[in-house]
1. With a sphere of radius 12 Å drawn around the Cβ of A:Asp46, what net charge do the other residues whose Cβ falls strictly inside it have (Lys, Arg +1; Asp, Glu -1)?
2. Let me make sure I get this right: for segment A:9-92, a, b and c are the square roots of the gyration tensor eigenvalues over alpha carbons, sorted descending. Under 1.5 in a/c it's rounded, otherwise prolate if a/b > b/c, else oblate. Which is it?
3. Considering the Cα trace of the protein assembly as shown, what is its radius of gyration and what is Dmax, both in angstroms?
4. What pairs in B:Lys127/B:Lys277; A:Lys328/B:Lys238; A:Lys127/A:Lys328 have C-alpha atoms more than 31 Å from each other?
5. Sort out for me the Cα centre separation of segment B:87-163 from segment A:167-244, rounded to whole Å.
6. Order these peptides, A:47-57, B:83-93, by their mean beta-carbon neighbour count within 10 angstrom, highest first.
7. Net charge within 14 Å of A:Met356 by Cβ-Cβ distance, Lys/Arg positive one each and Asp/Glu negative one each, not counting A:Met356 itself?
8. How big is the Cα convex hull of segment A:103-428 in projection, averaged over all directions, in nm²?
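Where a number appears in this text, it was derived from the coordinates with a stated rule and is not lab data. Keep in mind the model is a prediction, meaning the values are calculated, not measured. So basically every Cβ, Gly included, is an ideal-geometry build from the backbone, and we count neighbours across all protein chains shown.
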Amino acid sequence: MPSTAASPATRGVRWNPVFRQAVLEATAAFALALLLLGPIVGLVLDGYEVKNELQRPLLIAAIIAVGRFLVTLAMHTPTGQAALERFNARRRQPGILVVSISENNRQRWWLLVIVALALSLPFLASKYWLTVLIQAMIYVLLGLGLNIVVGLAGLLDLGYVAFYAVGAYGLALGAQYLDLGFWSALPLAAMLAALFGGILGFPVLRMHGDYLAIVTLGFGEIIRLVLNNWLEFTGGPNGISAPPPQLFGLEFTRTAKDGGMSFHEYFQISYDPLHRFIFIYLALFLIVCLMVVVVTRLRDMPVGRAWEALREDEIACRALGINHVLVKLSAFMMGAMVGGIAGVFFATYQGFINPMSFNFFESALIVAIVVLGGLGSTTGVIVAALVLTVLPELLRAFADYRVFTFGVLMVSMMIWRPRGLIRPRRRAFEVKGLCP
Amino acid sequence: MDWHILAQQLVNGLTLGSIYGLIAIGYTMVYGIVGMINFAHGDVYMISAYVTAICLAVLFSFGIDSLPFALLATLATTMLITAAYGWTIERIAYRPLRGAPRLAPLISAIGMSLVLQNGVQLSQGAKTQGVPSLIPATLRFGEGNDFVQITLVQCMIVVVSLTSMAALTWLIQRTSLGRQCRATQQDRRMAAILGIDTDRIISTVFVIGAAMAAIAGVLVTLNYGSFDFYIGFVTGIKAFTAAVLGGIGSLPGAMLGGLILGLSEALFSGMVNTDYKDVFAFSLLVLVLIFRPTGLLGKPEVEKV
């Protein structure tokens with residue numbers, strides 16, 4: 001019969017080695033996933049007993065197995081081979097695009113549009129979106145600050161939130177004990193944060209880079225624990241209130257404190273509680289713009305180039321006579337200072353802070369912003385900060401999965417896109433007639 | 001300061017230190033062989049605590065009354081599953097990054113740590129979990145209010161940690177696998193040329209580290225009885241402190257560092273302040289790194305081009 005005659009042939013095609021390998025790998029992946037997830041995901045502790053939820057790990061393991069099967073099959077098709085080749089080729093590239101300054105200038109008009117949009121946004125937004133925008137701006141600032149440390153100088157700082165906390169508590173405690181206002185606390189808190197960075201960084205930066213990561217991790221915990229436990233000075237877990245901002249002594253309240261004057265009275269406009277938020281947003285925006293300019297300029301200056309050179313090869317830099325401790329310290333302190341500034345804004349915007357706001361997940365979020373932005377790319381970091389703060393507001397239903405997603409993103413970015421989603425550009429000076 | 005408080009703190013410190021030592025092995029071996037800090041190791045320990053509780057609950061729900069059997073079965077299952085975690089983490093997060101810039105595996109490790117923490121939080125809930133007190137037997141020395149109390153679990157912790165340390169030392173010093181591990185640690189490329197499958201050895205090291213963390217997880221869960229998804233973070237930093245204190249890369253150093261850290265932390269919290277005991281441990285880490293970065297038993301690190 002024709003059907004029996006055809007079956008050995010089809011069987012020969014179906015059970016070729018690729019297919020068998022795919023089945024084997026899928027089975028192994030299924031077994032491993034079941035071993036890993038079975039107890040942790042499938043048997044939920046409830047008091048001293050367990051609830052049976054085994055359908056969850058079975059489902060996840062099945063998805064993993066099917067995925068593994070399809071990936072293995074796809075790797076053997078011509079398209080898959082080509083994709084694998086492209087991936088390997090890209091990993092061999094240095095990954096930095098060199099752009100001449102004239103090419104860079106062409107993008108200037110874009111900047112104008114973005115700045116105009118950013119300046120007009122707060123006047124159109126509702127109170128809720130205004131607070132989201134302020135938070136996004138704070139994270140942009142934090143991302144830019146940490147980008148100097150992690151992205152440019154290549155020092156992994158896992159306790160960045162400590163400097164953020166120093167800034168925030170600098171404002172709150174300064175107002176409580178020294179009667180400082182917002183504008184006097186801003187530079188002082190920034191300097192205090194930089195000082196903390198210097199004290200912590202100086203001894204650690206002399207050593208192998210990995211130690212810095214764990215020391216900063218410990219330092220972030222120390223700051224949080226001290227803030228939490230030193231009840232009589234910081235208010236402990238109950239928190240402390242922070243003063244609202246002022247504009248040349250004008251307050252953003254309905255009625256000014258005695259002797260003062262409020263913003264709406266001075267300008268003869270009706271009172272609107274949004275004024276305070278609009279003011280904070282605009283001030284933050286100015287600082288962010290300033291930061292972008294400063295960082296862009298610094299990158300073209302000797303110290304900025306030394307940061308990036310140290311990131312790439314420390315031993316070569318030391319051989320060339322770069323003082324690696326001082327160069328790293330400058331990046332670390334600068335990052336700490338920016339963290340402090342962001343903290344002051346956070347405190348004045350919240351009006352009330354407690355140590356809960358400065359836990360490890362906050363540090364991890366800022367690291368995720370920098371990693372997603374591409375370790376060194378200013379544009380990338382700004383985009384990543386906006387995406388990672390605005391997107392969770394839109395996807396409230398998935399709020400629990402936020403940290404999980406950040407973790408997955410960090411691992412997969414390191415594997416597939418270590419230079420970030422936007423390719424970094426390095427500016428170069430052109431000499432006419434020298435280069436072909 | 002009464003002698004019995006001091007003695008009690010010494011006993012507590014000894015048990016705590018054995019635990020730190022067991023977890024520190026994972027850090028020190030991985031650092032020795034691939035030169036990176038495995039940030040997810042603390043969370044592997046946290047997973048082992050959960051697996052212990054789940055395993056005990058399942059065994060008791062099947063009506064298994066024999067406590068020694070239940071404990072041994074729990075230990076074996078926990079070590080198996082936790083070791084599988086160690087292997088998978090290395091495979092997913094670190095192996096593709098061999099030869100990548102130094103920062104990449106560190107960031108990947110942090111990402112893995114977040115995945116494990118949040119994954120457990122999502123599936124098991126954020127609340128503190130626990131196991132019933134299974135072995136209530138205690139030894140008491142002294143009369144009236146002045147007494148030193150040593151629980152049977154504390155004795156078990158010290159005995160089991162010392163036994164596993166001895167077994168591991170034998171494995172590393174005497175067996176062929178151990179020789180391959182030491183060769184890979186000394187010079188990975190040369191070891192590969194001489195026919196050692198270095199990828200397999202690195203996986204083995206992660207598996208050993210995770211299994212040791214699993215022993216620690218079982219013992220801690222039996223001793224303290226309660227845990228949550230966040231325990232791996234602080235314990236992880238402290239165990240790393242122990243590894244640095246003893247000299248990173250050195251196995252006896254990890255145990256010694258663990259004991260010193262455990263004892264000094266217990267004495268600090270007994271005599272000075274309990275609220276700041278974590279601050280004390282982290283400050284110790286910073287101080288050790290400043291004044292003796294090679295630790296007590298470590299060799300000075302030479303950076304090569």
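1. Values: positive: A:Lys51, B:Lys127; negative: A:Glu49, A:Glu53.
Computed value for this residue: 0.
2. oblate
3. 28.1, 105
4. Details: B:Lys127/B:Lys277 23 Å; A:Lys328/B:Lys238 26 Å; A:Lys127/A:Lys328 41 Å.
Beyond 31 Å: A:Lys127/A:Lys328.
5. Cα centres, segment B:87-163 to segment A:167-244: 30 Å.
6. Details: A:47-57: 13.5, B:83-93: 21.2.
In decreasing order of mean packing, A:47-57, B:83-93 become B:83-93, A:47-57.
7. The answer is -1.
8. Mean orientational projected area (segment A:103-428, Cα hull): 18.2 nm².
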